[in-house]
Amino acid sequence: MAQQLPSHSQVVIIGGGIVGCSLAYHLTKLGMTDVLLLERKTLTSGTTWHAAGLVGQLRATQNMTKLAQYTSNLMAGLAEETGQETGFIQNGSLSIANNKERFEELKRGASMAKVFGLEVDVITPAECAAIWPMMNASDLVGGVWLPGDGRTNPSDTTIAFAKGAQMYGATIMEEIKVTGVTQKDGRVTGVDTDQGHVSCEFAVNCAGMWGREVGKMAGVSVPLHAAEHFYVITEPIEGLQKDIPTLRDPGGYTYYREEVGAILAGFFEPNAKPWGMDGIPDRSFIRLGEDWDHLETAFDAMAHRMPVTETTGIHTFFNGPEAFTPDDRYHLGESPELKNFFVAAGFNSIGIQSSGGAGKVLAEWIVNGHPPMDLWDVDIRRNAPHMNNYNFLRERTREGLGLLYAMHWPYYQFETSRDIRKSTLHDRLAAQGACFGTVAGWERPNWYAPEGVEPKYEYSYGRQNWFEYSAAEHNAVREAVGVFDQSSFSKFMIQGRDAVHFLNRVCGAQIDVPVGKVAYTALLNERGGIEGDVTVTRIAQDQFYLLDAAATQNRTLAWLKSEIQEDEFVTVTDVTSAYIMIGVMGPNSRALLSKITDADLSNEGFPFGTSQEIDMGFCRVRATRMTYVGELGWEINAPTEFGQHLYDAIMEAGADLGAKNAGYHAMGSLRIEKGYRHWGDDITDEETPVEAGLSFAVDFKKESFNGKEALLAQKENGVTKKMAQFLLEDENYMLYHNEPIWRDGEMVGYVSSGMFSHTFNGAIGMGYVSRPDGGVVTAKYVKEGNYEIEVAGERVPAKVSLRPLYDPKSTRIKA
């Protein structure tokens, strides 16, 4: 008897691929059993069915690696739990390097793997050849062996998740197409299908490469685009070891695994082929045409690496579509546009290895009302609205697929879908040698090339070509004055009768301050975690100006709105595009600005941490005495249309004071010397101000605020990790992120962010120190240790400091 579509379900999951079935499984395991999964055709018929089934564990960040590790461990026992065989085996994986730059990347990854508890070995070319005897290893420099990696049968594993979900109470229905999403008062209320309506409390878009279209039904942006994705299977090869470890040859754009006595070779070639420009057809098991010419370079690389393929026929040429996102990271979490509408889509060809972890954390997010860990890497709120533009996605997809196997250089900048979102100063800065990077789609000057030098990156893991130019900008800020275009910073106006009450609840600092006062504060969740690292300026009794980073614009707006209680009269307005912001920073900043304003900029007339509306040039501006670089300075905000005049006036006034354009790389090296934290790296919603050394920005005398009890408990009982700065004693090593921290021969943490310090002539890293036994970490414990930071397998001595290395008493910013 055919199943009857229910009229209501607590959770409706749209899409029956491996991620949707994993989510259903994990929700029911948590006790939320009123779950309905709807699949438009049959389970796995979207893109899951043609996946290669690789289950790697090492990802780019700690939390993504945790999720991949969880997936691997889950799959090892899923067949026994559900009675459905999955085909999962742990046969290991080998990644190889054919040049020293690639080997450095692999070694840095191997060091990072140690932080996450992964078994990993850096091995020689001869050892690589022993693992894959049919491989040509003549040009190899080395490799990395991960014995815990594995592979699985994607379809069988999906069925196992589905069977488990049904065992625990979920309902799974096939051949039912979702045609619409209903909502009321900004909250999802149900889904329409070709067989009727289902009301629900939560809806989850797990529709794979149809995810963008399903998002449109709900008014939710889900930026992803399909691309043609290729692999070939050879004829059977005599002597090929059964279940030989997966081989990844990123320099050749190819991975290899055994497939029933043959070699399966899959490709992540540069200049990919976007697909589905006319819409994704409503079909099952889509298979696209062969394109031998497109893969000519990849085939040459395959012939070089695996000579046996030159004399072996191709049994299968497979081309199937797969969804890719603008930054090659999948989309997960509650949408900022519609409450209780969640997304898990755009897995960039790593859906199998991500399925268990993604399903687990999303289920916990739905059940508990917040994510169980820092998921900023994949948080759907990271996307700017224009990134869902069809043309933007198509062009980015050409680049994105190949980047998965390209070098993952520090400071890499996308090359496609650029020059779209620009500040009003862009052309002026470009004419002066600016080399732009991109954050949240903004074109931002990262560094300035001197006359006669092309403003173009030359990437490496060492000192890149802009190193000396950025050093000059850094030193100008320390010694004279630097000018930053900070227009991309997110800006919000918070207004209304209850604005003070609202902000005092969500902020750690005291916000009920005199008009013109600026509060540096953390936005806090109920667990005491840091949801944002912001400044709040009171500009009227019921009006506040909140400044945040560019990358978190959508996230912060959505979070602030979600925190407004029903009885509070508060509005939050995104005014980012309304104002330009120019930072004028350095010991000569007061002298410079005094040339173009009649305002009193002295300490008495304009103290640190205050903001005033003043005349500047021919403009009326809001000047705020605040800094992210550790020097005397002002952030100048003005309506966007005045930006060019204001910039010209500043640069003209600073000509004889050493004024110099400064980019975001200089800002990074300046802030890390001063120990200023960066949200998303050094602090997240997992860390608290007490752990991060930011208790000074919390007013514990306030009657109540989010997380107060949790923070008081940490102050009373101590913390199990504590933020510190580390200065390498050897200037020849660079720090970026995730390098292991060793204390007295024991690993106690990892670098959360790093950059070279031009003031101290060595790399500085920020990072949390923990105890191997998980005990309380005191200042004494941190300071008494002898430290080393592991860089690409080598341990480099480092000095530790709990106080800012630069100007620890902040005398310079208050000069």
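Yes/no matrix, rows are residues, columns are (1) surrounded by 19 or more Cβ atoms within 10 Å (Cβ to Cβ); (2) out of contact with any helix residue (DSSP H, G or I) (no Cβ under 6 Å at 6 or more places or on another chain):
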{"site": "E568", "(1), (2)": "no, no"}
{"site": "T571", "(1), (2)": "no, yes"}
{"site": "M581", "(1), (2)": "yes, yes"}
{"site": "D600", "(1), (2)": "no, yes"}
{"site": "E604", "(1), (2)": "no, yes"}
{"site": "Y628", "(1), (2)": "yes, no"}
{"site": "P639", "(1), (2)": "no, yes"}
{"site": "M651", "(1), (2)": "no, yes"}
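Determine whether F760 is open to solvent by 50 Å² or more (accessible area, probe 1.4 Å) and either of a type in the set (F, W, Y) or over 23 Å from T61 (Cβ atoms) (or both). Yes: the conditions hold for F760. Outside any strand (DSSP E or B) and either open to solvent by less than 20 Å² (accessible area, probe 1.4 Å) or more than 21 Å from K780 (Cα to Cα) (or both): is that true of E691 in this structure? For E691, the condition - outside any strand (DSSP E or B) and either open to solvent by less than 20 Å² (accessible area, probe 1.4 Å) or more than 21 Å from K780 (Cα to Cα) (or both) - is met. Determine the pairs where a residue that is within 15 Å of I511 (Cα to Cα) and at pLDDT below 95, located within the stretch 700-717, has a partner that is open to solvent by 80 Å² or more (accessible area, probe 1.4 Å) and not in a helix (DSSP H, G or I) with Cβ atoms under 9 Å apart, the partner being 6 or more residues away or on another chain. Every condition considered, no pair remains. So, in the stretch 441-499, how many residues would count as being closer than 13 Å to S669 by Cβ and without any contact (Cβ under 8 Å) to a residue 24 or more places away in the chain? Count: 2.
Scanning the stretch 67-89 for residues that are buried (at least 19 other Cβ atoms within 10 Å of the Cβ) and either in a strand (DSSP E or B) or not aliphatic (A, V, I, L, M) (or both) yields Q69, T71, S72, T82, T86, F88.
Residues in the stretch 384-442 that are at positive phi and not acidic (D, E): Y411, S417, G433, A440, G441. Only one of the listed residues (G774, G754, G749) is of a type in the set (G, A, S) and not in a strand (DSSP E or B). That residue is G774. In this structure, is P372 under 21 Å from the mean Cα position of the chain (by Cα) and surrounded by fewer than 21 Cβ atoms within 10 Å (Cβ to Cβ)? Taking the combined requirement at face value, the residue satisfies it. Put simply, of L712, L670, L727 the only residue that is in a helix (DSSP H, G or I), over 20 Å from the mean Cα position of the chain (by Cα), within 24 Å of W447 (Cβ to Cβ) and not small (G, A, S) is L670. Within the stretch 716-744, being open to solvent by 20 Å² or more (accessible area, probe 1.4 Å), among the charged types (D, E, K, R) and under 19 Å from T684 (Cα atoms) holds for K721, K722.
Please go through the stretch 435-460 and give me each residue that is buried (at least 22 other Cβ atoms within 10 Å of the Cβ), of a type outside the set (S, T, N, Q) and either more than 25 Å from the chain's Cα centre (by Cα) or closer than 16 Å to F756 by Cβ (or both), ordered by number. Selection gives W447, Y448. What's the number of the only condition in (1) touching a helix residue (DSSP H, G or I) at 6+ places or on another chain (Cβ under 9 Å); (2) outside any helix (DSSP H, G or I); (3) open to solvent by less than 40 Å² (accessible area, probe 1.4 Å); (4) of a type outside the set (K, R) that D419 fails to meet? Of the numbered conditions (1) touching a helix residue (DSSP H, G or I) at 6+ places or on another chain (Cβ under 9 Å); (2) outside any helix (DSSP H, G or I); (3) open to solvent by less than 40 Å² (accessible area, probe 1.4 Å); (4) of a type outside the set (K, R), the odd one out for D419 is (3). Here is the figure for the stretch 336-376: residues that are over 24 Å from A227 (Cα atoms) and assigned to a loop (DSSP other than H, G, I, E, B) total 12. Looking only at residues of the stretch 1-16 that are open to solvent by less than 20 Å² (accessible area, probe 1.4 Å) and assigned to a loop (DSSP other than H, G, I, E, B), we find that the one that is nearest to S199 (Cα to Cα) is G15. For the stretch 252-282, filtering for residues that are part of a loop (DSSP other than H, G, I, E, B) and either touching a residue at least 40 places away in the same chain (Cβ under 8 Å) or crowded, with 19+ Cβ neighbours inside 10 Å (or both) leaves 12. The condition of being of a type in the set (G, A, S) and either in contact with a helix residue (DSSP H, G or I) (Cβ under 8 Å, 6 or more places away or on another chain) or surrounded by 17 or more Cβ atoms within 10 Å (Cβ to Cβ) (or both) holds for G532.
The residue of the stretch 146-168 that is farthest from the chain's Cα centre (by Cα), among those that are in contact (Cβ under 8 Å) with a residue 60 or more places away in the chain and open to solvent by 40 Å² or more (accessible area, probe 1.4 Å), is M167. Residue-level check: of (1) modelled with pLDDT of 95 or more; (2) open to solvent by 40 Å² or more (accessible area, probe 1.4 Å), A60 misses just (1).
The values are calculated or read from the model by the stated rules, or taken from the named source; none is laboratory data. Quick caveat: nothing in here was measured; it's all calculated off a predicted structure. FYI the Cβ positions are ideal-geometry reconstructions off the backbone, even for glycines, and counts take in every protein chain you see. Keep in mind that these areas ignore ligands, DNA and RNA; they rest on the heavy atoms of the full protein, side chains included. Shrake-Rupley method; radii C 1.70, N 1.55, O 1.52, S 1.80 Å.
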